[in-house]
Every structure is written in C-alpha cells, then in structure tokens.
Amino acid sequence: MKRGLKEHTETPTHPLVWCIAILCTVAAIAVIITGVIVFVGYLIIHPSAPVISVVSAHLDKIQNDLAGLLEIQVTIVIKAENDNAKAHASFSDTDFVLSFQGIPIARLVADPFEVPKNDSVEFPYKVESSSIPLSPDEMQQVDLALKLDQITLDFKGTSRARWRVLSVAPLRSVRFWCHLNCQLRFHPMTGIYKNSPCTSRAK
C-alpha cells in the first residue's frame with residue numbers, strides 16, 4: 001500500500017523579525033566603525049597618562065622631646081605633568097597622606113585643576129604636624145633614625161586625571177587614577193632630601 005507524501009509549505013518570515021535583524025546589523029556596523037575611529041584616533045594622538053610626582057622636598061624640622069611628642073615640618077613640591085601634545089588634562093580628587101612608621105603626619109589635598117597640553121603645574125606644600133604622641137618603641141625608632149641621620153616618611157595617595165581631546169568625538173574624555181606610593185628619605189641633620197623616584201602609576 002502506497003503512502004501519500006505530505007506537501008511542506010514554508011511559513012514566510014515575519015516582518016518584525018526582518019526589522020530586528022536589520023537593526024542588529026546596523027548596530028554591529030556602527031560599533032565596528034566607532035572602534036576603527038577610536039583606534040585611528042588613538043594612533044594619531046598617541047596619548048599618555050598624566051603623571052604626578054614628587055620633584056623636591058626638604059625636612060624643615062623634626063623634634064622628639066622627652067615626653068614622647070614628635071613634631072615634623074616638611075616642604076614637598078608635587079608636579080602634575082601632561083606630556084600629551086593634543087590633549088588637555090584635568091585633575092580632581094587629589095588626596096595624599098604623609099606618615100611615619102604608620103603614624104599619619106598630615107594630609108595633602110588640592111582643588112580640581114587643569115594642565116594644558118605639553119605643560120606641567122607645581123604645588124609646593126608646607127606640611128606641619130601637630131604634636132604626635134609616640135609609644136616607647138616608636139620613640140626608639142625616631143632616636144635611631146636621628147642617630148643614623150636618615151629618616152623615611154611614607155607618601156601615599158591618589159588623584160583622578162582626565163585628558164580631553166576636542167577634535168576626536170569618541171576620544172573626548174578618558175579617565176585615569178594616578179596612584180602614588182613611595183618613600184621620602186631625608187638627612188635629619190641637614191634636612192636634605194635623598195632624591196629617589198616618586199612617580200604615579202596610572203590605572
């Protein structure tokens with residue numbers, strides 16, 4: 001007995017499906033074009049992250065009395081640098097902490113500021129601590145540092161940097177966090193700063 005063959009009829013694609021497919025295609029092409037523009041713009045501008053660094057410092061005063069109270073006065077010059085030839089840089093949320101053996105000495109902050117293309121700005125800070133009570137162990141550490149004529153202060157903090165390019169729309173604004181984490185070494189007898197690298201890392 002022969003069985004009859006069933007005829008298969010294709011269902012036409014719904015117009016809504018075609019619309020979604022077209023929209024997805026257009027979106028994918030737009031993403032690719034934007035990516036190419038950003039890549040080409042990056043190659044043309046070749047931006048580098050703005051940098052914050054300690055360029056000089058001086059230990060103006062260090063005093064440790066018999067009552068175990070420590071007083072420190074330091075001058076620190078911080079430079080914000082923008083090496084980009086085609087991008088302005090701005091800095092905000094600038095906040096640094098100076099400490100000794102984990103004991104906070106002072107907090108250094110700055111209002112938002114801008115650095116033009118291929119330029120830099122310096123900020124001299126006069127840091128003076130209040131009387132800091134020390135434990136017997138901390139007093140010994142300070143005494144030893146004075147005898148060795150070498151004291152180390154920790155300097156840590158961040159600043160939010162942003163460079164702006166007016167000519168390339170997708171690259172108009174890129175943000176970085178500049179992180180500083182270094183040690184400032186001084187000769188207490190003369191206050192001279194032992195120059196050592198202290199430059200931010202961008203993230």
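The values are calculated or read from the model by the stated rules, or taken from the named source; none is laboratory data. Since the structure is predicted, the reported quantities are computational estimates derived from the model, not experimental observations. Methodologically, a virtual Cβ is constructed for each residue, glycine included, from the backbone with ideal geometry; neighbour enumeration extends over all protein chains shown. Protein only, heavy atoms only, side chains kept; ligands, DNA and RNA dropped before computing areas. Shrake-Rupley method; radii C 1.70, N 1.55, O 1.52, S 1.80 Å.
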With every protein chain in place, the accessible area of THR158 for a 1.4 Å probe, in Å² rounded to the nearest 10, comes to 40
Compactness check, segment 52-110: C-alpha Rg relative to the 2.2 N^0.38 Å globular estimate gives 1.53
One point scatterer per Cα, no solvent, Debye formula: log10 I(q)/I(0) for segment 51-199 at q = 0.11 Å⁻¹ comes out as -0.48
For segment 51-199, whose charge dipole is built from +1 on Lys and Arg Cβ atoms and -1 on Asp and Glu Cβ atoms, the candidate among GLN63, HIS187, ALA85 with its Cα farthest towards the positive end is ALA85
